[in-house]
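A.B. asks: Could you have a look at this structure, given as structure tokens, before my questions?
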Amino acid sequence: MTNLPDVRGRRVLVRADLNVPLDGETITDDGRIRASVPTIGRLAEAGAKVIVCAHLGRPKGEPNPEYSLAPVAKRLGELLGREVAFTGEVVEEFPGLQDGGVALLENLRFEPGEESKDDAVRRAFAGRLAALADFYVGDGFGAVHRKHASVYDVPQLLPHAMGGLVAAEVEVLKKLTEDPERPYVVVLGGAKVSDKLAVIANLLTKVDRLLIGGGMAYTFLKAQGHEVGGSLLQEDQLDQVRGFLDEAAKRGVELVLPVDVLAATHFAGDAPFDVVAADAIPADRQGLDIGPKTRELFAGKLADARTVFWNGPMGVFEFEPFSGGTRAVAEALIASPAFTVVGGGDSAAAVRQLGLPEDGFSHISTGGGASLEYLEGKSLPGLEALQ
Ligand SMILES: Nc1ncnc2c1ncn2[C@@H]1O[C@H](COP(=O)(O)OP(=O)(O)O)[C@@H](O)[C@H]1O
Ligand SMILES: O=C(OP(=O)(O)O)[C@H](O)COP(=O)(O)O
């Protein structure tokens, strides 16, 4: 941490990314909590009164018990080896917090001010958060691309510092932006299709190859004129995607799409499915994973890469029958001598859930969208505010 004066006895607000996958109240992967522990622990050791704030999921500005951070408070306490105070309030002063004590606020996205596009509304909420503390530490790397109150506005109201996690993530990603060894391949998948389509225009100016799988692939297949049945689709971005296909061809960037998929009857782990050609998805089916030919195709396209960034699972890996594509890409990266970076909450969780060795990658980042926007060369609100 830089620029932070002696914190003993002072109140420090830490913005962390604790957006972990949950099954009911059970945390299925605690990677992001673990990644947040060093900064929080160090501040507590130094005698600060640490108030942690974070979001979970996308509850859209209103309280929703499904997205409560209560299970996260419990897990954070276990990992820190100290009690974490949690009252279920988004803005809470914790007057009884001792020096070295840690508290967690409830999900910031329960308040409309957190994500508001209206600067005044966002700043008003930021003011309430800033009033809780004397200092701010920005350590939620996975959210630094969001112009949200806790990420962008609060650091403008308080003396602030960049947390160790954000600093370490940026250090690694810098290597990918400064003269990456080629071929440079980016693999995109996952479900945040709209967000990730937005980064492709810029990536096409930087990479040699772009492999597209997961829920991202179907908007491309549809843009090529194929039916995709009930697969994930960003209907309003088809024209934009046609533009990417043209632009890639013009620039000589290889844009590689699935040639086959696992087409399931519905979205469930036990749904019947068939392997079908990517241009022959039946109308009553949805693609939940890339097929075996695509796995081989993608592995081949990764074999000679010297730099790889991968964000977004290739299928619904949470369901075992649809985890094979994600496993195949992960294994291709593990086998590769390239500089390999995996980013994203679910992508990192997938690597761990599939029992793959984390040290098989050069770096596993806690941020997917944040990493992609950094690689685009964009200025990220949460980094800008910490400069
Ligand atoms: N074909 C698909 N259809 C629906 N969801 C998919 C598909 N492929 C992957 N997904 C889902 O994408 C989610 C992860 O997406 P995303 O949040 O974009 O990744 P990350 O968190 O790594 O950035 C996973 O929960 C996975 O089930
Ligand atoms: O999960 C996250 O991003 P990621 O899926 O791109 O890794 C971050 O917590 C940001 O969440 P958001 O994409 O709902 O703003």
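The values are calculated or read from the model by the stated rules, or taken from the named source; none is laboratory data. Because the structure is a prediction, the values reported are computed rather than measured. When we count neighbours, we look across all protein chains shown, and the Cβ atoms used for this are built from the backbone with ideal geometry, even at glycine. Note: areas computed on protein heavy atoms with side chains; ligands, DNA, RNA excluded. Shrake-Rupley method; radii C 1.70, N 1.55, O 1.52, S 1.80 Å.
A.B. asks: Give me the distance between the Cα centres of region 132-200 and region 101-119, rounded to whole Å.
C.D. replies: Region 132-200 and region 101-119 have Cα centres spaced 18 Å from each other.
A.B. asks: Name the GluC sites (Glu not before Pro) in region 10-75 that are in a loop by DSSP and that have at most 14 other C-beta atoms within 10 Å, would you?
C.D. replies: Taking region 10-75 and a limit of 14 other Cβ atoms within 10 Å, the loop GluC sites (Glu not before Pro) found are GLU25.
A.B. asks: If I take every Cα pair under 8 Å that is 6 or more residues apart in the chain, average their sequence separation and divide by the length, what percent do I get for the relative contact order?
C.D. replies: Relative contact order comes out at 16 percent.
A.B. asks: Provide the per residue accessible area, probe 1.4 Å, for region 180-296, rounded to a whole number of square angstrom.
C.D. replies: Spelled out: the 1.4 Å probe surface of region 180-296, per residue, equals 42 Å².
A.B. asks: Checking the a/c ratio against 1.5 first, then a/b against b/c, what shape does the Cα gyration tensor give for region 1-81?
C.D. replies: Prolate, since a/c reaches 1.5 and a/b exceeds b/c.
A.B. asks: Quick one: net charge of LEU165's neighbours, Cβ under 9 Å, K/R +1, D/E -1?
C.D. replies: Result for the local shell: -3.
A.B. asks: Using only Cα positions of region 39-123, each an equal point scatterer, no hydration layer, compute I(q)/I(0) via Debye at q = 0.15 Å⁻¹ and quote the log10 values to two decimals.
C.D. replies: Debye output, listed in q order: -0.57.
A.B. asks: Along region 199-205, what does the Karplus equation 6.51 cos²θ - 1.76 cosθ + 1.60 (θ = phi - 60°) give for ³J(HN,Hα), rounded to whole Hz, x for Gly and Pro?
C.D. replies: Running phi through 6.51 cos²θ - 1.76 cosθ + 1.60 with θ = phi - 60° gives 8, 5, 3, 6, 4, 4, 8 Hz.
A.B. asks: Treating the angle as unsigned and between 0 and 90°, give the value, to the nearest 10°, between the Cα long axis of helix 324-335 and the longest Cα principal axis of the chain.
C.D. replies: 80
A.B. asks: Lysines within cross-link reach of LYS222: Cα-Cα under 20 Å, excluding same-chain residues under 8 positions apart?
C.D. replies: Within the straight-line limit of under 20 Å, LYS222 reaches these lysines: LYS192, LYS196, LYS293.
A.B. asks: Here's another thing I want to ask about it. Could you give the radius of gyration (one decimal) and Dmax (whole number) of the Cα atoms in the chain, in Å?
C.D. replies: Considering the chain through its Cα atoms, Rg and Dmax are 21.3, 64 Å.
A.B. asks: A further question on this structure: Amide H of GLY163: which non-local residues (sequence gap of 5 or more, or other chain) have their own amide H closer than 5 Å, using H built in the peptide plane?
C.D. replies: HN-HN under 5 Å from GLY163: GLY138, ASP139.
A.B. asks: Here is a follow-up. Round to a whole number: what % of the accessible area of the chain belongs to carbon and sulfur, probe 1.4 Å?
C.D. replies: Percent of accessible area from carbon and sulfur atoms in the chain: 48.
A.B. asks: Further question: Before I look further, what does region 107-147 give for accessible area per residue, probe 1.4 Å, in whole square angstrom?
C.D. replies: 35
A.B. asks: Only four residue types carry charge here, +1 at the Cβ of Lys and Arg and -1 at the Cβ of Asp and Glu. Report the dipole size of region 283-387 about the Cα centre in Debye, rounded to the nearest 20.
C.D. replies: Dipole size: approximately 240 debye.
A.B. asks: Let me ask something else about it. Please state the charge dipole magnitude for the chain, taken about the Cα centre, from unit charges on C-beta atoms (+1 on K and R, -1 on D and E), reported in debye and rounded to the nearest 20.
C.D. replies: Its charge dipole is roughly 760 debye.
A.B. asks: In addition: Restricting attention to region 268-357, which chymotrypsin sites (Phe, Trp or Tyr not before Pro) occupy a DSSP loop and are surrounded by at most 15 other Cβ atoms within 10 Å?
C.D. replies: Taking region 268-357 and a limit of 15 other Cβ atoms within 10 Å, no loop chymotrypsin sites (Phe, Trp or Tyr not before Pro) are found.
A.B. asks: Quick one: in region 289-364, what % of C-alpha pairs are over 22 Å apart?
C.D. replies: 12
A.B. asks: Specify which residue in the list LEU80, VAL166, GLY368 is farthest towards the positive end of the charge dipole of the chain, using unit charges on the beta carbon of Lys, Arg (+1) and Asp, Glu (-1), about the Cα centre.
C.D. replies: VAL166
A.B. asks: Let me ask something else. What is the sum of charges, Lys and Arg at +1 and Asp and Glu at -1, for the other residues whose Cβ falls under 11 Å from the Cβ of PHE319?
C.D. replies: Result for the neighbourhood of PHE319: -4.
A.B. asks: Top mean-square fluctuation among GLY300, GLY369, GLY312, Gaussian network model of the chain, C-alpha springs under 10 Å?
C.D. replies: Of GLY300, GLY369, GLY312, the most mobile in the Gaussian network model is GLY300.
A.B. asks: Moving to a separate point now. Using the Karplus curve 6.51 cos²θ - 1.76 cosθ + 1.60 with θ = phi - 60°, work out ³J(HN,Hα) for each residue of region 176-183 in order, rounded to whole Hz, and write x for Gly and Pro.
C.D. replies: Karplus-based 3J(HN,Hα) across region 176-183 equals 6, 8, 9, 6, x, 5, 10, x Hz.
A.B. asks: While we're here: Run the numbers for GLU235 and ARG352: contour at 0.36 nm per residue of separation, minus the present Cα-Cα distance, in nm.
C.D. replies: Extra length from GLU235 to ARG352 when fully extended: 38.9 nm.
A.B. asks: Here's something else I'd like to know. List the lysines whose alpha-carbon lies under 19 Å from that of LYS49, not counting same-chain residues fewer than 8 positions away?
C.D. replies: Straight-line reach from LYS49, under 19 Å: LYS74.
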